[in-house]
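Taking it in order: structure first as structure tokens, then the write-up.
The values are calculated or read from the model by the stated rules, or taken from the named source; none is laboratory data. Everything numeric here is computed off the predicted structure, so don't read it as measured data. Every residue, glycine among them, receives a Cβ derived from its backbone with ideal geometry; neighbour counts consider all protein chains shown. We work out accessible area using only protein heavy atoms, side chains counted, and drop any ligands, DNA or RNA first. Shrake-Rupley method; radii C 1.70, N 1.55, O 1.52, S 1.80 Å.
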Amino acid sequence: MTHKSGFIAIIGRPNAGKSTLLNALLGTKVAISSNKPNTTRNNIAGILTEPDTQFVFLDTPGIHKPQQQLGRVLNKNAYNAMDDADAVAWIIDVTQNFGPGDEFVLDRIRNLHKPVILLVNKVDLVPKEKLLRKLLDWQEKFEFSDIVPVSAKDGENLGELKEVFRKYLPEGPSLYPEEMISDHDLAFQLCEIVREKILWRTHEEIPHSVAVVLEKSEERGRKLILSFVIIVDRNSQKGILIGKGGDMIRSIRLAAQTEIKNRLNRPVDLELYVRVEPNWRNKEAKIKEFGIDLQNE
């Protein structure tokens, strides 16, 4: 049996379902997801090892028109993943109309000269006739290597999708150890869990302005004490995050603590502190300090 392995970059506009798809393909949570644009900030490799294939999926930040240096860094991360991958999976939300954001992505993939598979996501939300019309419209936009309708949320059509991906991977041995499912360390994953809880509970500018850093990890008997610093842009955001009588920060702490305790399978106590770093999203040194990948030009 021929063994294949390679990289598949999952790209798309913000909120198209990239992280949900990655987690569904792996059958476990590797990337956080939320209903906010630009939830994903780093390229996160999710590794799926099967007897004849090792798929290395790269979850990337949503490609968008950037307003700050952080946005430019996120786009660059997505572009680098596209350039380095063996195949590109462009995921679109079928409930959304084609717009300038899609044109922006299309301009980028026209120059790639590698297989581009269009994943038409959220097919569970549209009637069959509308789905067929959408598929025909998209076929006219670009000569895709394949078009696959999926529902990342329901796990629909993922078996067929893996077969499609396998076609475009080169022959070769596995690139990562069989037991490895992500290329990011535990500290990164724990910070992401805290950030996810913030994203689900806050609105307006807060989600975009937040970074989370693990400052300290300490063993006390069987219990693990984790201290996180939450960074925001402005004092007003700090007030919103702490909440009236500390209720917001408490609910974030308890939700994150529950998930981390289940993940690590041991007693955990979280300590959360909020710090203001004005305009950090426009400062490359701060972006790097707060754990966001800075890809080379």
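A few points about this structure:
- The charge dipole of region 138-297, taken about the Cα centre with unit charges on the Cβ atoms of Lys, Arg (+1) and Asp, Glu (-1), comes to about 1080 debye, rounded to the nearest 20.
- With at most 13 neighbouring Cβ atoms within 10 Å, loop trypsin sites (Lys or Arg not before Pro) (DSSP) excluded, longest segment of the chain: 111-221
- Share of carbon and sulfur in the accessible heavy-atom surface of region 119-169 [1.4 Å probe, %]: 48 percent
- Using the Karplus relation 6.51 cos²θ - 1.76 cosθ + 1.60 with θ = phi - 60°, the per-residue 3J(HN,Hα) values for region 249-260 come to 5, 5, 5, 5, 4, 5, 5, 5, 4, 4, 5, 5 Hz, with x marking Gly and Pro.
- M248, M1, ranked by accessible area, largest first (probe 1.4 Å): M1, M248
- Cα gyration tensor shape of region 4-167, rounded if a/c is under 1.5, else prolate or oblate by comparing a/b with b/c: rounded
- Separation between Cα centres of region 3-40 and region 79-133, rounded to whole Å: 13 Å
- Note on region 186-289: Rg/Rh from Cα positions, Kirkwood definition for Rh, rounded to two decimals, is 0.97.
- For I11, distant residues with modelled amide H under 5 Å away: A89, W90, I91
- Between L48, L70, L264, the Gaussian network model of the chain with springs among Cα atoms under 10 angstrom shows the greatest mean-square fluctuation at L264.
- Taking all protein chains as they are arranged and a probe of 1.4 Å, the heavy atoms of D86 leave approximately 50 Å² accessible to solvent.
- The phi-based Karplus calculation (6.51 cos²θ - 1.76 cosθ + 1.60; θ = phi - 60°) puts the 3J(HN,Hα) values of region 111-121 at 9, 7, 6, 8, x, 10, 9, 8, 9, 8, 8 Hz, whole numbers, x for Gly and Pro.
- Total charge dipole magnitude, the chain, about the Cα centre, Cβ charges on Lys, Arg, Asp, Glu only, Debye to nearest 20: 1140 debye
- Kirkwood-based Rg to Rh ratio, the chain, C-alpha trace: 0.98
- The share of accessible area on region 196-239 that comes from carbon and sulfur is 46 percent, using a 1.4 angstrom probe.
- Over 19 Å apart at the Cα level, from the set K65/K114; K216/K244; K36/K65; K114/K153; K197/K288, are K65/K114; K216/K244; K114/K153; K197/K288.
- The residues of region 4-167 have, on average, 41 Å² of accessible surface per residue, using a 1.4 Å probe with all protein chains present.
- Sum of -39500 (n - 2.57) over DSSP H runs of 4+, divided by residues of the chain (222 nm, nearest 500): -11500 deg cm²/dmol
- Long-range amide H partners of S182 with built H, under 5 Å: I47
- Scalar couplings 3J(HN,Hα) for region 150-157, obtained by applying the Karplus form with A = 6.51, B = -1.76, C = 1.60 to θ = phi - 60°, are 9, 10, 4, 5, 8, x, 6, 6 Hz; x denotes Gly and Pro.
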